[in-house]
Structure formats: C-alpha cells, structure tokens
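What follows is one structure encoded as structure tokens, with my remarks underneath.
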Amino acid sequence: MTTRLPPLLAALCLLSLSATALAQSGEAEVRAYEDALARGAQQADLWQAGWTTVYAGSLALSAWQASEASNDEDRFDGRVGVVKSALALGGMLLDRQPHPAAYRALQAGEANDIKGARRLLETVAEEERRRRSWQARLGSLAVNTAAGLVIGVGDDRPDDGAINFATGMLVSELQLRTQPGQAMAAVNRFQPAAVSFGDVHLEGEVAFLVGPNQLGVALHY
C-alpha cells in the first residue's frame, strides 16, 4: 500500500529538509573556513619565524664578513650583503602575513555569519594572490639588480655580480613560494552546482570537505 502526502504537507517537508540542509551546510562552511585560517595562521607563524631567522643570520654573517674577511673583495661583498639582509629583515618584521589576524577576528566573532566569514576568507585569499603576483617580485628584483650592478660594475667583477643577483633572486623566489596558500585553496574548492527536487530548483556552490576528522560535502546557496 502506497501513501501519498498532500501537496501542502510535501512542500512543508521539503522546506524543512532544505532549511536543515542550509543550516548544516552553513556550519560546515564556517568550519572549513576556520580550519583553513587556522592552518594558514600556523604556517604563517612558522614561515615568519623561519625566514626572519634566515635573514637575521645572513645579516650577522655579512656584518662579520664586511669587517673581518681576509681580502677586499669579500669585505665589499659583505657590505652589500648587510644592506640586502637588512632590507629583507625589515620587510619580514613590517609586512606580516594576514592569516593570524584573520583567524583571531573569526574566533572573536567579528565575522558573525556565513557571508562575513566568506568575505574574511576571500580578503585573505586576495592577499595571498597579491603576494604571489609578478608585482610582488619587483622589490626583490630591484634590490638584487642594484646589488649585482654594484659588485659587477662598481667593483669591476661582472661574474660575481651575476652570481650575487641570481642567488638573491633564487632566495627571494623560495621565500615567496613558501608562503601560506590555504585561503585560496579553501575559496577555490567551492564550485557552482545546481540541484532539483521536482519543481524546486536550487543553485549554489558545493565543496568536498576532506580532513583528518571529517569527510563530507558543504553546500553554499
């Protein structure tokens, strides 16, 4: 025996299921954003500490070389290294990654709904893109070009100048590529989707959530 629900009751059931799915997907989405920012903040702290240590060590070594090296060429290179390392260290101290501050803001409830949390994550993702763009390489290009010219032309050692330039650009590229990228990954995994229930059509975004303690699907519509 088959029982058919009245149209009004069926519509109410569908509405109830949709509301439940919306609430669950919203919670899952916020959790996904919070997880992405938490991992980004952790990586940002490690990245900040690691590269600050590298440049501080390079500054100390260059300062020693500038005064204690056994020949004029090494002392000259040391003075150039002091300037480059000081600029890089200053950049690390002044230009902080956005993830820790965004994660604290999300935990403090400053983004108190799904749209606010998504805007916060998109802002961080946009900053990640900016930090990986070709414009972000212009500063290191200018500094390393100047250092290479000072050594190659100013001190009449073109080979050493070229090596200094290439080494500096390689380190700068490595620094840039090891920056956190969790926000871009979290934003990009939401893809357009359409779902139909009879005459009801829903359009939105879907993301697969895979982690150590979760496996599921988040809907955003």
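The values are calculated or read from the model by the stated rules, or taken from the named source; none is laboratory data. These numbers were taken from a predicted model, which means no experiment stands behind them. Positions of Cβ are backbone-derived with ideal geometry, glycine not excepted, and every protein chain shown enters the neighbour counts.
The residues of the stretch 94-109 that are of a type outside the set (D, E, K, R) and either over 30 Å from Ala66 (Cα atoms) or surrounded by 12 or more Cβ atoms within 10 Å (Cβ to Cβ) (or both), listed by number, are Gln97, Pro98, His99, Pro100, Ala101, Ala102, Tyr103, Ala105, Leu106, Gln107, Ala108, Gly109.
So that you can scan it fast, the table gives a plain yes or no per residue for (1) in contact (Cβ under 8 Å) with a residue 60 or more places away in the chain; (2) more than 25 Å from Leu176 (Cβ to Cβ); (3) of a type outside the set (Asp, Glu):
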residue: Asp72; (1), (2), (3): no, yes, no
residue: Arg75; (1), (2), (3): no, yes, yes
residue: Val80; (1), (2), (3): yes, no, yes
residue: Val83; (1), (2), (3): yes, no, yes
residue: Leu89; (1), (2), (3): no, no, yes
residue: Arg96; (1), (2), (3): no, no, yes
residue: Ala102; (1), (2), (3): yes, no, yes
residue: Asp113; (1), (2), (3): no, yes, no
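In the set (1) among the aliphatic types (A, V, I, L, M); (2) closer than 26 Å to Met92 by Cβ; (3) at pLDDT below 65, the condition left unmet by Ile151 is number (3). Out of the stretch 51-79, which residues are of a type in the set (A, V, I, L, M, F, W, C) and within 20 Å of Leu138 (Cβ to Cβ)? Residue satisfying the conditions is Trp51 alone. For the stretch 32-48, the criterion of being farther than 24 Å from Ile163 by Cα and free of Cβ contacts under 8 Å to residues at least 40 places away in the same chain is met by at least one residue.
Table: residues versus (1) in a helix (DSSP H, G or I); (2) modelled with pLDDT under 95; (3) closer than 30 Å to Gly152 by Cα.
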{"position": "Gln48", "(1), (2), (3)": "yes, no, no"}
{"position": "Ala56", "(1), (2), (3)": "yes, no, yes"}
{"position": "Asn112", "(1), (2), (3)": "no, yes, no"}
{"position": "Glu128", "(1), (2), (3)": "yes, yes, no"}
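Residue count for the stretch 37-58 under the criterion of being surrounded by 14 or more Cβ atoms within 10 Å (Cβ to Cβ) and within 12 Å of Met92 (Cα to Cα): the result is 9.
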